[in-house]
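Chemist: Just passing along the structure, written as structure tokens.
Throughout, read-outs are computed from the coordinates displayed, never taken from laboratory work. In this text the structure is predicted, and so the values were computed from the model without any measurement. Here the Cβ is made from the backbone with ideal geometry for all residues, glycine too, and neighbour counts use every protein chain on show.
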Amino acid sequence: MGMGYLGKGNYCKEMTPDIAGAAVPKLLPLLKHEDMYVREGALMALSNCGEAVAPHLDKVTALADDDDWWVRAGVAYVLRYVTQPETGDHAD
């Protein structure tokens, strides 16, 4: 099955968190991008990266006060998919 269509559940077998985790260093700078769609897209991509995001949750949660609600929702999405205990107090 290829990645011909969108949806988190559709590509879980091909793009596991350990593979996606390699993208974390490339995605983190996008969290500071001026375009909210880029910030939100980076957060959605980071939500697929599992525990590789855990050391960078301070950068993710810094967007919890973003002006755009889509970006704030993206922060919650990342915290949902980074497993406990890595989220720790950030999930609050």
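Chemist: Roughly how many nanometres apart are two label points built 7 Å out from the Cα toward the Cβ at Asp65 and Glu51?
Modeler: Roughly 3.2 nm, to one decimal.
Chemist: Where does each of 54-65, 71-82 land if you order them by average Cβ count within 10 Å, highest first?
Modeler: Result, highest mean first: 71-82, 54-65.
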